[in-house]
Each structure stands twice: as structure tokens, then as C-alpha cells.
1. Any idea which of 185, 216 is assigned to a loop (DSSP other than H, G, I, E, B), over 23 Å from residue 96 (Cβ atoms) and of a type outside the set (A, V, I, L, M)?
2. Pairs needed: first member in region 46-64, under 25 Å from residue 107 (Cβ atoms) and outside the structural domain of residue 82 (by TED's automatic domain parsing); second member anywhere, assigned to a helix (DSSP H, G or I) and modelled with pLDDT of 95 or more; C-beta distance under 8 Å; at least 6 residues apart or different chains.
3. With in contact with a strand residue (DSSP E or B) (Cβ under 7 Å, 6 or more places away or on another chain), modelled with pLDDT of 95 or more and in the same structural domain as residue 202 (by TED's automatic domain parsing) as the only criterion, which of 174, 133, 140 stands out?
4. Show the residue pairs meeting these rules: Cβ distance below 9 Å; 6+ apart or different chains; first residue within region 176-201 and on the phi > 0 side of the Ramachandran plot; second residue surrounded by fewer than 17 Cβ atoms within 10 Å (Cβ to Cβ) and of a type in the set (D, E, K, R).
5. Can you tell which of 91, 171 is loosely packed, with under 15 Cβ neighbours inside 10 Å and more than 18 Å from residue 190 (Cβ to Cβ)?
6. For the subset of region 140-170 comprising residues that are under 22 Å from residue 215 (Cα atoms) and among the polar types (S, T, N, Q), which member is nearest to the chain's Cα centre (by Cα)?
7. Can residue 137 be described as surrounded by 15 or more Cβ atoms within 10 Å (Cβ to Cβ), under 17 Å from the mean Cα position of the chain (by Cα) and acidic (Asp, Glu)?
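The values are calculated or read from the model by the stated rules, or taken from the named source; none is laboratory data. In this text the structure is predicted, and so the values were computed from the model without any measurement. Ideal geometry is used to build each Cβ from the backbone, glycine not excepted, and the neighbour counts take in all protein chains shown.
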Amino acid sequence: MVDSVAEQIGKRLKELMPSQVASQVVEVSKNIDGLLPEERQQSASYGDKRLLEFATTRVLLRNLMKDLGLKAQPVLSGKNREPLWPNDVVGSISHSGGVVMATLSESCHHRALGIDLEMRKGLDRKLFEKILLPEEEALLFGIEETEKSRLALLFFSAKEAFYKAQFPMTGLFLGFHALQLSLPDSDSNLSFIIHNEQVKENLRPFSTQIKAQSTDNFAIASCWIDQPL
């Protein structure tokens, strides 16, 4: 039996996360019954699309809390739509093209998580200058255009995952040129250089890792920031 798109993405996500991280991927649900009262109150004014994505992610997060042996807790959104994690967990969510994915870890293991999903075949050539640094474009020199577009989307997704991970620690919105990436190695790892001094200083005590993969139909990326040993 052929895996559904959500199942394919779920397998990729597990490959991209450390073992302490619980993850799940599903298609967006048309049911909002899983919302807790606090979440239902916050989302009362949401439009249909945002409400269904919000409700689906919250049900996923409750499933992951159960997987980690934790009690079910609400996950509200902050003023910038960022998830406000309970004190004992960190996580990340992403949704694209009718698919929702979520990750969760106990905060004793990780300081922050970031994930990103892009349900498209590649990055529009018109966006290369906005997303990619000259050094990153140089890595793609000579590559066939379709593959170049696919790898550019992988860079985009990896930067989004990193920005989500660092935001709870710094509160900073970063431009796409704040992070310089390498092409992924055989284990999907991307080395990186941070071009923002405040972020670099905030992350200095921590070990940070970025991974990403892409297919003909989507790009997926993860970032995790470990607690100091």
C-alpha cells in the first residue's frame, strides 16, 4: 500500500529529529472538537482556514503530550502567533498545503525546536535574491534549473526552521540573510553561519543542529537547540 502524503512527510520528519522528540503529521481536520476551553476562547474570531489548522495542531500536540507521558495542557498563541509552550515542554508546528505537522520534547532535553514544511516543487527564481546569500547561490551554480529550484526551497525551509527555534530565545524576527547555509550532507545535516551578533551570542552556550530534505513535491526541515550538558 502506498503511503499517504502525510505518512510520507511523517517518516521524513522522524528522520530529521532526535530520538527524544515526539512528532506527528496529519491532514488538516474539519473538526474542532479537540480544542480546550482556553483555546476555543482564543480562536473564536479566527477565519475558517486558520481555525481548522489551529484545532488540528492542538489535537496533535495533545497526542504528543500523551506520547511523552505528560498531562494534556492548552497551547495558546502569543501576539505574533507563536505557540506559548507550557513550562515543561518545547515544540514547533508547521502547516502547508493541507498538511499539519507538530513536534514536542521535554524542556530538560531541548531548549527549543523548529520545524518547517513547504508543499511545493521549488522556489520561484524571482525570490532567490531575497532568500539566498551570494555564497548560497554560488553553491547552486551549474546545477540544472529544476534541481536548483528544489535546493533553493530546501534552503528556505531550513532557514524558517532555524528562525522558529531561535525566536523563543531571542524574540527577534530575522531576515533570510541572517543565516548562511551549506548544502546538506549524506545525513541531511546543514552546517551554518549566523550573521546576527545578538542571535549568535544568545545561542553560544548551546548546541544547535539543522537538518533538511526535499523531494519533487515538498521540502521539510528541522532545527533543535539542546540544553547545555
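1. Working: 216 fails: over 23 Å from residue 96 (Cβ atoms).
Matching residue, one of 185, 216: 185.
2. Cβ pairs passing all conditions: none.
3. Numbers: 174 fails: in contact with a strand residue (DSSP E or B) (Cβ under 7 Å, 6 or more places away or on another chain); 140 fails: in contact with a strand residue (DSSP E or B) (Cβ under 7 Å, 6 or more places away or on another chain).
Answer to the selection: 133.
4. What qualifies is 188/15.
5. On the way: 91 fails: loosely packed, with under 15 Cβ neighbours inside 10 Å.
Sole residue among the options that is loosely packed, with under 15 Cβ neighbours inside 10 Å and more than 18 Å from residue 190 (Cβ to Cβ): 171.
6. 157
7. Values: surrounded by 15 or more Cβ atoms within 10 Å (Cβ to Cβ): yes; under 17 Å from the mean Cα position of the chain (by Cα): no; acidic (Asp, Glu): yes.
In short, no.
Let's see how each residue does on (1) surrounded by fewer than 19 Cβ atoms within 10 Å (Cβ to Cβ); (2) over 24 Å from residue 125 (Cα atoms):
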{"residue": "150", "(1), (2)": "no, no"}
{"residue": "158", "(1), (2)": "no, no"}
{"residue": "177", "(1), (2)": "yes, no"}
{"residue": "184", "(1), (2)": "no, no"}
{"residue": "191", "(1), (2)": "yes, no"}
{"residue": "202", "(1), (2)": "yes, yes"}
{"residue": "205", "(1), (2)": "yes, yes"}
{"residue": "219", "(1), (2)": "no, no"}
{"residue": "224", "(1), (2)": "no, yes"}
